[in-house]
Amino acid sequence: MNLKTKIKYLSIYLILNAIGILLAIKYWWTDPLIFSGLNKGTIILLLSIGICWIGILFLTIMIIRLLVVNIDHHQFISPFDLISNEYYVSEIGLKKAERFKRAISFIGFPILFLTIFLFRYSVKIYENNELTTNGVIENIVLKKINKNIKGNNYIFIEYGNDKYSVNFRSDYFRVNDTIKIIYSNQNPGIVKIFNEYKENQ
């Protein structure tokens, strides 16, 4: 595999993962009640994982070709080429094809799980930094409780002089309870119930 092919694999991986991560960030702080059902936000988050997975498959194929299965030609192989068993056998032979298939699972899935873990870890660091440096603490009187399609309780909170609102999954708050929250005045989508936020610090 020549340098041009390696650059092509890496470029596709980076572009697809960047698109997937940007989509996930855009919808990450969407109201949890919205995500309790199948809707546009949920579909887009699932789509972002799918886009990242396709990018990871390109990277995985490159790693396999470099470290596991030696393929003589420099031809570019996409994940879509590998869907066909005939392609495997005709291009690289039966034994190499079987090794290639096994390696995709052993290499690709750990990279996907690592990507998801690093994304969530980075988001958590960003949220904590936002609440530490730009956090506003506010006491809210709970006026409304909503339910999702499964009947689960979500407390509805308006904050920031009622400019923003959010639902939190909860079974222990009641209407007229006073709740202390903390939110970022730079990214108001980052909002936590204060006691839960302090417990997780």
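The values are calculated or read from the model by the stated rules, or taken from the named source; none is laboratory data. As the structure is a prediction and not an experimental result, all values here were calculated from the model. Neighbour counts are summed over all protein chains in view; Cβ atoms, including those assigned to glycine, are modelled from backbone coordinates with ideal geometry. Surface accessibility is based on the protein's heavy atoms, side chains included, excluding ligands, DNA and RNA. Shrake-Rupley method; radii C 1.70, N 1.55, O 1.52, S 1.80 Å.
F76 passes every criterion in (1) of a type in the set (F, W, Y); (2) under 16 Å from F100 (Cα atoms); (3) not in a loop (DSSP other than H, G, I, E, B) apart from (3).
Let's see how each residue does on (1) crowded, with 16+ Cβ neighbours inside 10 Å; (2) of a type in the set (A, V, I, L, M); (3) in contact (Cβ under 8 Å) with a residue 60 or more places away in the chain:
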{"residue": "T5", "(1), (2), (3)": "yes, no, yes"}
{"residue": "L10", "(1), (2), (3)": "no, yes, no"}
{"residue": "N17", "(1), (2), (3)": "yes, no, yes"}
{"residue": "A24", "(1), (2), (3)": "yes, yes, yes"}
{"residue": "S36", "(1), (2), (3)": "yes, no, yes"}
{"residue": "N39", "(1), (2), (3)": "no, no, no"}
{"residue": "I43", "(1), (2), (3)": "no, yes, no"}
{"residue": "I61", "(1), (2), (3)": "yes, yes, no"}
{"residue": "R65", "(1), (2), (3)": "yes, no, yes"}
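Number of residues in the range 171-192 that are open to solvent by less than 80 Å² (accessible area, probe 1.4 Å), closer than 21 Å to K124 by Cα and either outside any strand (DSSP E or B) or of a type in the set (A, V, I, L, M) (or both): the value is 7. Looking at the range 119-147 only, could you name the residues that are open to solvent by 100 Å² or more (accessible area, probe 1.4 Å), under 24 Å from the mean Cα position of the chain (by Cα) and touching a residue at least 24 places away in the same chain (Cβ under 8 Å)? Of everything in the range 119-147, nothing turns out to be open to solvent by 100 Å² or more (accessible area, probe 1.4 Å), under 24 Å from the mean Cα position of the chain (by Cα) and touching a residue at least 24 places away in the same chain (Cβ under 8 Å). A single member of Y172, Y197 is at pLDDT below 90 and under 25 Å from the mean Cα position of the chain (by Cα), and it is Y197. For first residues located in the range 87-113 and under 25 Å from L14 (Cα atoms) and of a type in the set (A, V, I, L, M, F, W, C), partners that are at pLDDT 85 or above and open to solvent by 30 Å² or more (accessible area, probe 1.4 Å) and lie 6+ apart or on another chain with Cβ distances below 7 Å form the pairs I107/I63; L112/W53. Looking at I140, I107, I149, just one residue is part of a loop (DSSP other than H, G, I, E, B) and of a type in the set (A, V, I, L, M), and that residue is I149. Residue-level check: of (1) at pLDDT below 90; (2) surrounded by 13 or more Cβ atoms within 10 Å (Cβ to Cβ), N153 misses just (1).
Hey, any hits in the range 111-127 for a residue that's farther than 30 Å from V191 by Cβ and modelled with pLDDT of 95 or more? Walk me through how you get there before you give the answer.
Of the residues in the range 111-127, the ones farther than 30 Å from V191 by Cβ are 111.
Narrowing the set further to residues that are modelled with pLDDT of 95 or more leaves 111.
Yes, the range 111-127 contains at least one residue that is farther than 30 Å from V191 by Cβ and modelled with pLDDT of 95 or more.
For the range 32-74, enumerate the residues that are within 13 Å of the chain's Cα centre (by Cα) and at pLDDT below 80. Within the range 32-74, G41 is the sole residue that qualifies.
Being under 21 Å from D31 (Cβ atoms), at pLDDT below 90 and of a type in the set (S, T, N, Q) is the requirement here; does S165 meet it? No. When every residue of the range 157-170 is checked against the conditions, at least one turns out to be out of contact with any helix residue (DSSP H, G or I) (no Cβ under 8 Å at 6 or more places or on another chain), part of a loop (DSSP other than H, G, I, E, B), loosely packed, with under 12 Cβ neighbours inside 10 Å and not charged (D, E, K, R).
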